[in-house]
Structures are given as structure tokens and as C-alpha cells.
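Beneath this line is the structure, given in C-alpha cells, with notes to follow.
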Amino acid sequence: MRLPFVARRFANRALDACFLAPLDRLFANRFRGRVVCLLYHRVAEPGAEPVLDAFGTPPIPPRELERELRLLAAWGGRFMTLDELAQGAWPSPREVGLIVSFDDGFRDTYEAGLPVVEALGARALVFQISAMLTEAPALLWEHALYWLGAEDARFRALARSLDGEFAHLAGADARATVTALRERANASQLRAMVTTALARCGEREALADLARRWYPQRSTLDSARRNGHEIGSHGAHHFKRSALDAAAFEAELVASKQALAEACGIVPRAFSYPFNSHGVGDEAIAARHFEWVFTVDGGPLAPSFARSSVPRFTWPGPHPNALRRRRWLRTGYV
Ligand SMILES: [Zn+2]
């Protein structure tokens, strides 16, 4: 039975209290002698990009990212890289190894996130959607879909472009429609519906401006790499796995690897599944193309971890209080 909202909020607050000293000490040992992989997405102030805020993952403000990473360092965190892990380095029993990663590769990750990471003497792993580089100034289907859903007249153009099994969504609200399309349409359906709706809107310059504002340049990736950060692949077009068959999924991996090799001058060795969407057999497909494959399936790494399925903890969104932040950083969950 689901607890009513107020009761759940109260129960959550009560759990936060576990992270008051001295109880907090019980949790302090949880990750010692292990490696924790952290996942963040955009690094920006909430409200700076209303379209992305409305439908995408919430951004972490740079100051909050810094606060979290400094807290982890003060608790014995040791920032590590894939090179160090590959060479057999491991945290001591008193340390917590930390890999800091970012998915998607928006421009703000490079411009606002990486400087924070560097200020702590750390280096990050950025999983880049390669179409942001190869198809700009066209918006990726997903971001175009969010843009269409964010304003009434544009949403009407989208609603008129829905056909077949999605035609009934024309009567739903923007959030329900965008979510249903993202979750259930396949890649060619998404491309067709978004392209038709964008043609109806006809605001090509506005879209190109967004792509320039949101997406990094090749030179951005190049300088991140020269500063010691690692660029991995997050697929070519950020489709959910259910939007693709196995051959198309593998083609996405190959295309993104090639595009990033051209953009960065090195072949990426790491991949993270878009939307953490993966199923039976995908680990073997991904392992054909990448040495390291990351999920968001939680759990710290033990020395025996498999490179073909490396779990991460994802930032849960803004913390309502300092204890909740502590709880997330101590356990990987809230
Ligand atoms: Zn993603």
C-alpha cells in the first residue's frame, strides 16, 4: 500500500535524522575501501534553461556540485580515473575511491561542471551524445520534443503531427504526451513526428540558437581532454533501448564511437547507456565496442568488479535539507 504524500514526507524526514551525528558514523564505513561512481547531468542554475528543466533531468548548480565533492573529499574521498583503476590502483581501507561522471555532454557540463572538478584536483568522465556535435545546429529529437512541449502553439503543432498509435495523445497535456512519446515511440516514429512538427513551427533560427547555447563545440571536448578529463560515448542519438532493435542499438554505438574519435582524436573506451536503458544481451553487444560500460544500477565497486557493467549512483535532485545531502552522499540513495 502506498503511503499518502504527507506520511511519506514525514517518514523521509525521519530517515534523514539517521544522518545526524553520532548515528551518521554507522554509515561512514559503508563505502570505505570501495570505489563509488557518481553520475551528474547538467550543471546550471535551475531556471536558466526552462525547456530542459521542464522535461529533462534537473540540473545541479555549480556551487552545490562543489559542496558535495568537497564534503566527500573531507570524508576521505580519493578522486580517481579509469587509467588508475586500469593500472590496479585501489583506495585504502580508510579511503573511498570516487569516479565523477556526467551523462549527455551539454555545454554547461564542460563550462560549469569541469572547472569545479578541476578545482578539487580531480578529473571527470563525460559521456557525450555524439549527435550534439555531428548534427548541430539541428536539435537532437529529444530536445526538439521538449521544445515543442514547452509552449502552447508549438505543442499544438506536435499534437497535429501525431499519427497511428499515438494519435490519441493529441488530447492529452504536453507533459503526458512528451513522456509517452519518449517512452513508447520507436526511433523512426520519433524522428518523423518531431520533423513534421518542427516544419509546422518553422522557427529554424530559434532552434539553431538553442543548439549553439546547449551543445558543446568540438574544441570544447578537445580542451577537456587536454585538461585530463576523459570523454566516453552516451550513444549517437540518446534513444531508449526500447526504441531500437539490436542491430540499430549496435549501429548507435559504432556511430558514436567513430564521431567522438573524429571529434577528440582518440577512440572512446567507455560507454554509458542512455536513460540507463538496457536489457538481456546488451552487455555483450556493448562489450564488443567498449572496454568500460557504465549503468546507473547503484552499488559501490568491489575489487572484483566487471568493466562490462560498472554501476553508478545518480544525483537524486535538489536536497531539501543538509541531512538529505548527507544521506545521499553516505548511501547513494535518498
Ligand atoms: Zn542521458
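Under 13 Å from the Cβ of residue 13, count the other residues' Cβ atoms, weight Lys and Arg +1, Asp and Glu -1, and hand me the total.
On the way: positive: 8, 9, 324, 327; negative: 16.
Once positives and negatives cancel, what remains is +3.
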>> Per 0.36 nm of contour for each residue apart, how much would the distance between residue 322 and residue 283 grow if the chain were fully extended, relative to their Cα-Cα spacing?
In response: 10.3 nm
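What ratio of Cα Rg to 2.2 N^0.38 Å holds for the range 141-209? Spell out each step's value before the answer.
Details: Rg = 10.8 Å, N = 69, 2.2 N^0.38 = 11.0 Å.
Normalised Cα radius of gyration, the range 141-209: 0.98.
Say R0 is 25 Å: what FRET efficiency, to the nearest 0.05, do residue 333 and residue 6 get from their beta-carbon distance? Present the calculation step by step, with values, prior to reporting the outcome.
Working: r = 21 Å, r/R0 = 0.86.
Working from the Cβ atoms, E equals 0.70.
If a/c stays under 1.5 just call it rounded; otherwise compare a/b with b/c (prolate if a/b is bigger, oblate if not). Do that for the range 36-158, with a ≥ b ≥ c from the square roots of the Cα gyration tensor eigenvalues. Don't jump to the answer; show the numbers that get you there.
Values: a/c = 3.18, a/b = 2.12, b/c = 1.50.
It is prolate, given that a/c is not under 1.5 and a/b is the larger ratio.
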> Which residues' amide hydrogens lie under 5 Å from the amide hydrogen of residue 232, considering only partners 5 or more residues apart or on another chain, with H built in the peptide plane?
Replying inline: 126, 127, 128
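Convex hull volume of the Cα atoms in the range 69-130, per residue, in Å³? Don't skip to the answer; put the middle values down first.
Details: hull volume 5.0 nm³, N = 62.
Measuring per residue, one finds 80 Å³ for the Cα hull of the range 69-130.
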> How big is the charge dipole of the chain about its Cα centre, in debye rounded to the nearest 20, if each Lys and Arg gets +1 on its Cβ and each Asp and Glu gets -1 on its Cβ?
Replying inline: 1200
> So what's the net charge close to residue 67: Lys and Arg +1, Asp and Glu -1, counting the other residues with Cβ under 12 Å from its Cβ?
Replying inline: +1
>> Please list, in order along the range 20-32, the HN-Hα scalar couplings obtained from phi with the Karplus expression 6.51 cos²θ - 1.76 cosθ + 1.60 (θ = phi - 60°), rounded to whole Hz, x for Gly and Pro.
In response: 7, 5, x, 4, 3, 4, 4, 8, 5, 7, 3, 9, 5
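For every other residue with a beta carbon closer than 15 angstrom to the beta carbon of residue 301, add +1 if it is Lys or Arg and -1 if Asp or Glu, then tell me the sum.
On the way: positive: 30, 32, 34, 78, 307, 312; negative: 84, 95, 297.
For residues surrounding residue 301, the net value is +3.
Order these by the 10 Å Cβ neighbour count, fewest first: 109, 196, 134. Please report the intermediate quantities before stating the final value.
Values: 109 27, 196 15, 134 18.
Fewest-to-most Cβ neighbours within 10 Å comes out as 196, 134, 109.
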> How large are Rg and Dmax for the range 200-272 when only the alpha carbon atoms are used, in Å?
Replying inline: 14.7, 44
>> Tell me which trypsin sites (Lys or Arg not before Pro) from the range 1-96 have a DSSP coil assignment and no more than 10 other beta carbons within 10 Å of their own.
In response: 2, 94
>> Give me a comma-separated list of calculated 3J(HN,Hα) values for the range 93-106, in order, Karplus coefficients 6.51, -1.76, 1.60 applied at θ = phi - 60°, integers in Hz, x for any Gly or Pro.
In response: x, 9, 9, 10, x, 10, 10, 9, 10, 10, 9, 5, x, 5
>> Tell me whether the range 182-334 comes out rounded, prolate or oblate; compute the Cα gyration tensor, take square roots of the eigenvalues as a ≥ b ≥ c, and use a/c under 1.5 as the rounded threshold.
In response: rounded
> Membrane-span-like helices in the chain: DSSP H runs reaching 20 Å or more (Cα, own axis), mean Kyte hydropathy at least 0.5?
Replying inline: 187-201, 246-264
> Taking H as built 1.01 Å from N, whose amide H comes closer than 5 Å to the amide H of residue 36, not counting residues under 5 places away?
Replying inline: 97, 98, 99, 301
> Considering amide H positions built from the backbone, and no H for Pro or chain starts, which residues 5 or more places from residue 273, or on another chain, come under 5 Å of its amide H?
Replying inline: 294
>> In whole Hz and in residue order, list the ³J(HN,Hα) couplings for the range 278-292 that follow from phi through the Karplus curve 6.51 cos²θ - 1.76 cosθ + 1.60, θ = phi - 60°; x for Gly and Pro.
In response: 7, x, 4, x, 6, 4, 5, 5, 5, 5, 5, 10, 9, 6, 10
> When only Cα pairs under 8 Å and 6 or more residues apart are kept, what is the percent relative contact order across the chain?
Replying inline: 20
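Semi-axes of the chain's equivalent ellipsoid from the Cα gyration tensor, sqrt of 5 times each eigenvalue, largest first, rounded to whole Å?
Values: eigenvalues 225, 124, 72 Å².
They are 34, 25, 19 Å, listed largest first.
No value in this document is a laboratory result; all are computed from the given coordinates. A quick note: this is a predicted structure, and the numbers were derived from the prediction, not measured. Note that we place each Cβ from the backbone using ideal geometry, even for glycine, and neighbour counts take in every protein chain shown.
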